[in-house]
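The values are calculated or read from the model by the stated rules, or taken from the named source; none is laboratory data. Given the structure is predicted, the values throughout are model-derived calculations rather than measurements. Reconstructed Cβ throughout: ideal geometry from the backbone, glycine too, with neighbour counts over all protein chains shown.
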Amino acid sequence: MTAADPLDAITFEGRAVEDLPYDAIRTVLASHTIVRVRGLFDRDVIREAFTRIAAGFDAANDRRHDPRDTDAVRRNFQKLQVGANSGVNTRRTLGRFMRMLYNPVFADDVYGMRAHFVTLARFRNLLYRVPLDFAVHGTDDGFWTCSRILQYPRGGGFIVPHRDMYSQVATAEAGLGYYQPLLLLTEKGQDFTTGGAYVDVGETRLFYEEGCRAGDLVVYDGRSMHGVSDIDPLEPLDLVRFTGRAVALASLFRLLTPGAGDYARMAEKARDWYGAGREGAP
């Protein structure tokens, strides 16, 4: 790994999800907790997608959301998340300032991201050793794809160091392990200047976006402690425009029964497995 590009030595390239060396990717993840994949997404196409999302963005669509309402995120749904409490209990805290734009593959393609979400989910599936289209277009074996865009606004967007406890429970319980692929929609130096995403590797806090570009796919595993350092904290805060850092995800989620019961049981299991405190995840 070099100072200019921290992920240079742990980068894989491929034009199609079927062509990537998944055994090698899993091996590097086991030793480094993070890898990068290039070639699956074209930088210019992703930049155009980000420009389109920003142009069509409307902050008036922000909604309040109790995370126990698990059905809300299975449709197009936009929320601004500010604070630390998950809404389940006061022991689980996760300080963050970010916006989440949920856009399931089976919902209206309001952001023009469907093809990208499908590619992202198929990559995830092959990494998990499950069929290519497992839970991509609907619900399979109790799982579905929670495709979404995360925005960390210029003027202080952040999330504290954490591990993905809640989303990890479902796949770990099914014997799949846990991987989280992120598709970068923005670039440090162009969309924001200071701050950005990091992962802790041993005693080193690796700010991996230093050498990344839009269209890069970054993957970390369940052991990783990661977060997002304040995005341009000295710039004026503007929540009306879609600015700062943005990434796309297509996580494999367990289908939970609407209401608080299933969510509470998942929360309890996460605490049993991984402990309480700030190491939770949205």
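Just to be sure before I move on: is G175 surrounded by fewer than 22 Cβ atoms within 10 Å (Cβ to Cβ), more than 17 Å from the chain's Cα centre (by Cα), modelled with pLDDT under 95 and over 19 Å from R96 (Cα atoms) in the structure I sent? Quick ask: steps written out before the conclusion?
On the way: surrounded by fewer than 22 Cβ atoms within 10 Å (Cβ to Cβ): yes; more than 17 Å from the chain's Cα centre (by Cα): yes; modelled with pLDDT under 95: yes; over 19 Å from R96 (Cα atoms): yes.
Answer is yes for this residue.
Right, L183: under 18 Å from the mean Cα position of the chain (by Cα), outside any loop (DSSP other than H, G, I, E, B) and at pLDDT 95 or above or not? Quick ask: steps written out before the conclusion?
Values: under 18 Å from the mean Cα position of the chain (by Cα): yes; outside any loop (DSSP other than H, G, I, E, B): yes; at pLDDT 95 or above: yes.
Against the criterion (under 18 Å from the mean Cα position of the chain (by Cα), outside any loop (DSSP other than H, G, I, E, B) and at pLDDT 95 or above), L183 qualifies.
Within the range 185-211, can you find the residues that are among the hydrophobic types (A, V, I, L, M, F, W, C), surrounded by fewer than 23 Cβ atoms within 10 Å (Cβ to Cβ) and under 17 Å from R38 (Cβ atoms)?
Result: no residue meets the conditions.
Yes or no: P161 modelled with pLDDT of 90 or more, farther than 18 Å from F50 by Cα and either of a type outside the set (S, T, N, Q) or under 17 Å from the mean Cα position of the chain (by Cα) (or both)? Even if it seems obvious, please write down each step before you answer.
Details: modelled with pLDDT of 90 or more: yes; farther than 18 Å from F50 by Cα: yes; either of a type outside the set (S, T, N, Q) or under 17 Å from the mean Cα position of the chain (by Cα) (or both): yes.
Yes.
If I filter the range 20-58 down to residues being of a type in the set (G, A, S) and free of Cβ contacts under 8 Å to residues at least 24 places away in the same chain, which single residue comes out as farthest from V130 (Cα to Cα)?
Kept after step one, since they are of a type in the set (G, A, S), are these residues of the range 20-58: 24, 30-31, 39, 49, 54-56.
Remaining after also requiring free of Cβ contacts under 8 Å to residues at least 24 places away in the same chain: 24, 31, 55.
Numbers: A24: 17, S31: 22, A55: 36 Å.
Restricting to residues being of a type in the set (G, A, S) and free of Cβ contacts under 8 Å to residues at least 24 places away in the same chain, the top hit is A55.
Select, from V105, V110, V130, the only residue that is of a type in the set (V, I, T) and either in a helix (DSSP H, G or I) or more than 23 Å from L185 (Cα to Cα) (or both).
Just one listed residue meets the conditions, V130.
Does G155 fit the bill of being out of contact with any Asp or Glu (no Cβ under 6 Å at 6 or more places or on another chain), in a loop (DSSP other than H, G, I, E, B) and surrounded by fewer than 20 Cβ atoms within 10 Å (Cβ to Cβ)? Full working, then the answer.
Working: out of contact with any Asp or Glu (no Cβ under 6 Å at 6 or more places or on another chain): no; in a loop (DSSP other than H, G, I, E, B): yes; surrounded by fewer than 20 Cβ atoms within 10 Å (Cβ to Cβ): yes.
So G155 fails the test.
If you take the residues of the range 86-99 that are crowded, with 19+ Cβ neighbours inside 10 Å and not polar (S, T, N, Q), which of them is modelled with the lowest pLDDT?
First, pick out the residues of the range 86-99 that are crowded, with 19+ Cβ neighbours inside 10 Å: 86, 88, 92, 94, 96-99.
Filter once more, so that each one left must be not polar (S, T, N, Q): 88, 92, 94, 96-99.
Values: V88: 54, R92: 59, L94: 82, R96: 94, F97: 97, M98: 97, R99: 98.
Going through the qualifying residues, I end up with V88.
What are the residues in the range 1-41 that are of a type in the set (D, E, K, R) and surrounded by 13 or more Cβ atoms within 10 Å (Cβ to Cβ), if any?
Kept after step one, since they are of a type in the set (D, E, K, R), are these residues of the range 1-41: 5, 8, 13, 15, 18-19, 23, 26, 36, 38.
Of everything in the range 1-41, those that are of a type in the set (D, E, K, R) and surrounded by 13 or more Cβ atoms within 10 Å (Cβ to Cβ) turn out to be D5, R26, R36, R38.
Polar (S, T, N, Q) and touching a helix residue (DSSP H, G or I) at 6+ places or on another chain (Cβ under 7 Å): is that true of S167 in this structure? Let's see the steps before the verdict.
Values: polar (S, T, N, Q): yes; touching a helix residue (DSSP H, G or I) at 6+ places or on another chain (Cβ under 7 Å): no.
For S167, the condition - polar (S, T, N, Q) and touching a helix residue (DSSP H, G or I) at 6+ places or on another chain (Cβ under 7 Å) - is not met.
Taking the options F50, F12, name whichever one is under 17 Å from P181 (Cβ atoms), among the aromatic types (F, W, Y) and at pLDDT 95 or above. Steps first, please.
Details: F50 fails: under 17 Å from P181 (Cβ atoms).
Only one candidate qualifies: F12.
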